[in-house]
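Trainee: Before I ask anything, let me first share the structure, which is written out below as structure tokens.
The values are calculated or read from the model by the stated rules, or taken from the named source; none is laboratory data. Just so we're clear, the structure is a prediction, and the values are computed from it rather than from any experiment. For neighbour counting, all protein chains shown are included, and Cβ atoms are generated from backbone atoms with ideal geometry for every residue, glycine included. The area values use the complete protein model at the heavy-atom level, side chains included, leaving out ligands, DNA and RNA. Shrake-Rupley method; radii C 1.70, N 1.55, O 1.52, S 1.80 Å.
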Amino acid sequence: MRRTAPATLLALILAGSLPAAALEGPAPAAPGTTAPAASGKPRVVIVATGGTIAGAGADAANSATYQAAKVPVDKLIAAVPAIAGVAEVRGEQAFQIASESFTNAQLIQLAKQVSALVKRDDVDGVVVTHGTDTVEETAYFLDLVVKTDKPIVMVASMRPSTAISADGALNLLDAVVVAGARDARAKGVLLTMNDEIQAGRDSTKRVNIKPSAFFSQWGPLGMVVEGKTYWFRAPVKRHGTTSEFDIDTIDALPDVAIVYGSGNMHPEPYTTAVAGGAKAIIHAGTGNGSVAGYLVDTLKDLRQKGVQIIRSSRVGDGFVLRNAEQPDDKYDWVVAHDLNPQKAKILAAVALTKTQDSKELQRIFWEY
Ligand code: GLU
């Protein structure tokens, strides 16, 4: 992050007439400043939901065997005294759960809570602590349905608070910095882990055992280092105030199922999901969202019955091309663009609260 100092600047520093800090800046774009408040600090609310960041192990050597969702939000905040130096912070305990147990009901409840907070004049930004397992889904859901430009920052950790080199404390401090930063506004829901600022829409858990667990194929938006934000790109997809979806008008989400593609498949995972109430199937296909020839009739039949068929990919990176591998126009199917199956599931559920039209659904998949 440092820039090379010109020889003359270096000479002045060596002579003692300039502080060594002159070597550091300025960066090409000014680092983020925080929003003004009476105290001069931004006001940030930390909404806690559980996860490893609130986890506790039997002893400090337990970095992977521990119980998630144990430490309450006030203790999480108190454990990071540096937070008081960067923001006026208070906590709200939404849930105390491991994130694999999130349901649609909890997604909706959390989004309504966050939506109410960002409408307040005395709140400059919101941090949501969360388990890493499904934080990518919750981040994308909030990105789609909370109508605000104020920063909403997801944060998690891979090691419990009781472990040696626990990553939660710095991640939480960084999240509060980002939530209070004026230059974090209007960038969609963010995820702060491992010094990186990721787009909530793009980031996904890629490693299940290391602190560098999250990854976006399009790269992080920026970094947060020693209390300052540094930005390198901004999202172009619709979110927040530019989204057509609003949690204030959503009280339920339709059921959407993911079926994972592989060789030697059977139709039952699709038909059983629909019998169980699924209104859309995310086909996590091989390669470019491919569908085995012997399954095509099953999916065509389900589409005839009104079920939306959305082709995503199990590959992880890249994006599914429409009318490649399968004639989507002819079959009236949708492609998930660059969304992985679990993100596609979130967008499909949100979109189906507004439309049942497959062409509208495809437009939404291109725009969000
Ligand atoms: N499975 C738990 C959860 O997602 C713990 C994993 C974590 O937070 O890293 O809440």
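Trainee: Find how much the distance from Thr65 to Ala275 grows on full extension, using 0.36 nm per residue of separation minus their present alpha carbon separation; answer in nm with one decimal.
Mentor: Here the answer is 71.8 nm.
Trainee: Taking 7 Å along the Cα-to-C-beta vector as the label spot, tell me the Ala78-Glu226 distance in nanometres, rounded to one decimal.
Mentor: Those two pseudo-labels are separated by 3.1 nm.
Trainee: Cut-off under 24 Å on the C-alpha distance; same-chain residues fewer than 8 positions from Lys205 excluded. Which lysines are left, in chain and number order?
Mentor: Partners found: Lys70, Lys187, Lys237, Lys343, Lys345.
Trainee: At a 1.4 Å probe radius, carbon and sulfur cover how many percent of the accessible area of the chain?
Mentor: 55
Trainee: Could I ask something else about it? Sort out for me the Cα centre separation of the range 85-111 from the range 133-165, rounded to whole Å.
Mentor: Going from one Cα centre to the other spans 9 Å.
Trainee: Also, I was wondering about something else. Note the full-extension length gain between Val207 and Ala58 as 0.36 nm times their separation in residues minus their Cα-Cα distance, in nm to one decimal.
Mentor: In short, 51.3 nm is gained.
Trainee: Okay, moving on. When a/c is below 1.5 the answer is rounded, else prolate if a/b is larger than b/c, else oblate, so apply that to the range 309-368 with a ≥ b ≥ c taken from the square roots of the Cα gyration tensor eigenvalues.
Mentor: oblate
Trainee: For the residue pair Tyr294 and Val315, what label-to-label distance in nm results when each label sits 7 Å from Cα along the Cα-to-beta-carbon direction?
Mentor: 2.5
Trainee: I've got another one for you. Taking the alpha-carbon centroid of each part, what is the distance from the range 229-248 to the range 38-59 in angstrom?
Mentor: Value for the Cα centre distance between the two parts: 23 Å.
Trainee: With label points built 7 Å along Cα→Cβ from the Cα atoms of Asp332 and Ala186, find their separation and express it in nm.
Mentor: The modelled label-to-label distance comes out at 4.0 nm.
Trainee: Given the C-alpha atoms of the range 245-368, compute the convex hull and give its volume per residue in Å³.
Mentor: Per-residue hull volume (Cα only) is 92 Å³.
Trainee: Quote to one decimal, in nm, the extra length available between Asp122 and Gln96 on full extension: 0.36 nm per residue of separation minus the C-alpha distance between them.
Mentor: Full extension from Asp122 to Gln96 adds 6.8 nm.
Trainee: Decide, for the range 87-232, between rounded, prolate and oblate: order the square roots of the alpha carbon gyration tensor eigenvalues as a ≥ b ≥ c, take rounded if a/c falls under 1.5, and otherwise choose prolate if a/b is larger than b/c, else oblate.
Mentor: The shape class here is rounded.
Trainee: What ranking do 346-353, 39-46, 163-170, 292-299 get when scored by the average of other Cβ atoms within 10 Å per residue, highest first?
Mentor: Descending mean neighbour count gives 346-353, 39-46, 163-170, 292-299.
Trainee: Residues of the range 280-311 with backbone nitrogen within less than 20 Å of a virtual label 7 Å along the Cα-to-Cβ line of Asn323, please, listed as ranges.
Mentor: 288-291, 300, 309-311
Trainee: Sticking with this structure for a sec: Before I look further, what does the chain give for accessible area per residue, probe 1.4 Å, in whole square angstrom?
Mentor: 44
Trainee: Let me ask another. Please state the shape class of the range 114-173: rounded when a/c is under 1.5, otherwise prolate if a/b exceeds b/c and oblate if not, all from the C-alpha gyration tensor.
Mentor: Verdict is oblate for the range 114-173.
Trainee: So if R0 is 25 Å, what FRET efficiency would Glu360 and Ala105 give, r being the distance between their Cβ atoms, rounded to the nearest 0.05?
Mentor: Using R0 = 25 Å, I get an efficiency of 0.45.
Trainee: At q = 0.14 Å⁻¹, what base-10 log of I(q)/I(0) does the Debye formula yield for the chain when every alpha carbon is treated as an equal point scatterer in vacuo?
Mentor: The calculated log intensity ratios at q = 0.14 Å⁻¹ are -1.13.
Trainee: When DSSP beta bridges are limited to those with both residues in the chain, what percentage is antiparallel, rounded to the nearest 5?
Mentor: Roughly 30 percent of the DSSP beta bridges within the chain come out antiparallel.
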